[in-house]
1. Which numbered condition trips up Tyr218, out of (1) surrounded by fewer than 18 Cβ atoms within 10 Å (Cβ to Cβ); (2) of a type in the set (Phe, Trp, Tyr); (3) touching a residue at least 60 places away in the same chain (Cβ under 8 Å)?
2. Inside region 303-422, counting only strands (runs of 3 or more DSSP E) that do not spill past its ends, which hold 1 or more residues that are outside the structural domain of Tyr527 (by TED's automatic domain parsing), within 27 Å of Phe483 (Cβ to Cβ) and among the hydrophobic types (A, V, I, L, M, F, W, C)?
3. Regarding region 492-514, can at least one residue be identified that is at pLDDT below 80, of a type in the set (Phe, Trp, Tyr) and outside any strand (DSSP E or B)?
4. Specify which of the listed residues (Val474, Val433, Val461) is modelled with pLDDT under 85, in a strand (DSSP E or B) and touching a strand residue (DSSP E or B) at 6+ places or on another chain (Cβ under 8 Å).
5. Does Thr294 meet the test of being surrounded by 19 or more Cβ atoms within 10 Å (Cβ to Cβ), in contact with a Gly (Cβ under 9 Å, 6 or more places away or on another chain) and either farther than 20 Å from Val410 by Cα or modelled with pLDDT of 90 or more (or both)?
6. Out of (1) in a helix (DSSP H, G or I); (2) surrounded by 16 or more Cβ atoms within 10 Å (Cβ to Cβ), the odd one out for Arg84 is which?
7. Step by step: first the residues of region 742-767, then only those that are of a type in the set (A, V, I, L, M, F, W, C) and under 27 Å from the mean Cα position of the chain (by Cα), then the one that is modelled with the lowest pLDDT. Which residue is that?
8. Can you tell me how many residues within region 226-254 are touching a residue at least 40 places away in the same chain (Cβ under 8 Å), buried (at least 16 other Cβ atoms within 10 Å of the Cβ) and among the charged types (D, E, K, R)?
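The values are calculated or read from the model by the stated rules, or taken from the named source; none is laboratory data. It should be emphasised that the depicted structure is a prediction, and the values quoted were computed from it without experimental measurement. Cβ placement follows ideal geometry from the backbone for every residue including glycine, while neighbour counts extend to all protein chains displayed.
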Amino acid sequence: MHRIATAGWHTVLLFLLLQSFAVSAAERFTIEDIEVRGLSRLEQGTVLSYMPLVVGDELNSETAQQTIRELYDSELFADVRLLREGNTLIVEVTERPQIASFEIEGNEQIGGDELTESMTSLGLAEGEVFKQSLLDQVSLELRRQYFANGFYDVDIDAQVDELPNNRVAISIDVVEGESARIRSINIVGNEVFDDDTLRDVLALSETNWMPFQKSDRYSKQQLGGDLESLTSYYQDRGYLRFMVEDVQVQLSPDKSGIYITVSVDEGDVYSVSDVRFSGETVLNEKFLDALVTTSAGETFSRRKATESADRIESALANVGYAFAEVRPVPEPVEGDERAININYVIDPKKRTYVRQIRFRGNAGTNDETLRREMRQLEAAPFSQSAVERSRVRLDRLSFIESTEVDTQPVSGTDDLVDVIFTVKERPPGSVQVGVGFSGADGFLISGSVTHANFLGTGNRVAVNLENNAFSRQVSLSWTDPYFTEDGISQTVSGYFRKSDRIIRFSSGFSSNVLGGDLTYGIPISEYSTLRVGAGVSETSIETFAGQTSDEVIDFVSENGKRFTAFQLRTGISRDTRNRTIFVTRGNLIRLNADIVVPGSDLRYFSTSLTTQHHIPLPFEFIAQVNTSLGYVDTYGNANTVPPYENYFAGGTRTVRGYRDGTLGPRDTPFDNPFGGKLRTTSQTELIVPLPFEADGQSTRFSLFFDIGNVFAEPGDFETGELRQSAGVAFRWFTPFLGILNLSYGFPLNEEPTDETDRFQINFGTGF
């Protein structure tokens, strides 16, 4: 047996450089067979697949070197030798150990699941081949990350334990120690702004007396972000040439304290002399001027310049230039060292068209049901605003929980994109039997069969049955949101209601109502809808001697106990809300006017105006203002409004802190709430973000101020009679009880005759 070439891991580099193990010319031979020795886990075919030699090739100095090099490059072997027995090439290898287990312990501050996944992708995982160099590299990188996050006293111990069958167990034990705290942040070179003002700009801060302080923990990444914030602070105030000249981070000898020194050069304040546009502007220059907020004569602001560039990009994206780029370039003004011109360099790229619109995640919804909500069309120029509006319209569907949109360039083209909407569906149908509670109606038992996306068409079918201490009712409805291709909706409904009283306070009569409605919603713009409909109802009431109020007796005397009413319904609404439940921004304004038309047994009309305003505030707070104004009255020769059509106030929907339905006029002689013709209420809330609620779509906590009342006649209205309350409220969208409303209100100007109820609760479907 002749040794042809050999190399271990400690001599590989020397082998590659000096070729000291090359086969001499006299040892050249033609390979008649290849045999691999030393394998334990690998198959011989695996080794042969990495070799550049096959039977019939000639082994010489060059091919021997190449063979050893490529086997080492596979990183499967710790040692490789080439031997010769006759004309048989013997490849003798020592396999690298296999990782039997890999664990990292003690790393609470760095890593977690992301670190484990990263280690797996690098090859440090069970079943992979072990490489000491990779383990050393990982240990160094882990230590670097700890240092970058202020843990300078960290101890990292990597252990490799040999196991039978050429396997190893790897464990990395981390003792993190205490993070170094920032003892001082010193800013040098600042003359315009003092140190305290500039420190307030930074997220990092010096250690102070505050408990649980985290801002004093040093992080290299956070320091980089703070330096950028400092630069932005100056450049937003005109210091265009501001620079951070030097940053020094010093560690105390005991590794517990960090001292940061930032040297700055403030430079001069620059003003804007002129604004111009260059490149391929595409849009009319007057239109571009309206998008820009950097006016001539004012102090330069990088923030305003960047915002103006973003507005121009958005405007271009709305007319098909999806990948437009706009750069605000400050240019010096000749003869004035402290003035600049802002040149908005516009590169619209090629105009982009939409090839396809696709939907993902809509397992229970027909493609056409989603496609009809699109404001972006296929084969049309791409429009960012149309795509965003399409996403919002999908979000507003009751059977869609959330929508994400992705714009993907079409491979091989530079002017086509595909728009992909990924939806997350809510369960569209439910069969519920449950209980609920309302301050106005008490406990109720209800059953419902509802499907908001019947057969994937978006049609809504609902059957509801309800029973409480004072009334029983059943209703059926069918809504087709696209009764016509133009988006006209149609709702057909029927109902039967038997009630012992108006609300939970009796005025001594009962009623039975049987009726039906047909209503159409006609879109007149993207956000506005016209409501037109008609209804018919048959009502009968019954009075009781000695128990019925004078007001009800007067109504019966004038109109009798049984009457048919034909009603015409009209209205208009404008809705810009981003969602229908737990709205975060947008407004709703709805004006309705309904009239019982001549030919009916009654003569009355009702009008109502409701508004909702949702204003996003800093730090994820939301201001919400809901107002309502309602008025009902008779016309013709009628004098008395039906008592069941009166308005009521008090409770969670109007003025919290006062018992449901108790505000306003009362009947005689029983002094029960009777309602009135005019109601005006307003609810103002500050919605506070909850730390355990990421998206705000299931729970809400708010501080509120309510004001309102009911008046027998419009002429009775007095601002001094408006009841006020303040308090806290909590809402929770429950899986089984619908929306749970809890509130605790403090009446602010109650009268001795008012009925107050500080803690109020409503839950149950339909509330």
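1. For Tyr218, the exception is condition (1).
2. The qualifying strands (runs of 3 or more DSSP E) are 353-360, 400-409.
3. Checking region 492-514: at least one residue is at pLDDT below 80, of a type in the set (Phe, Trp, Tyr) and outside any strand (DSSP E or B).
4. Val433
5. No: the conditions fail for Thr294.
6. Result: Arg84 fails condition (1) only.
7. My answer is Phe767.
8. 2
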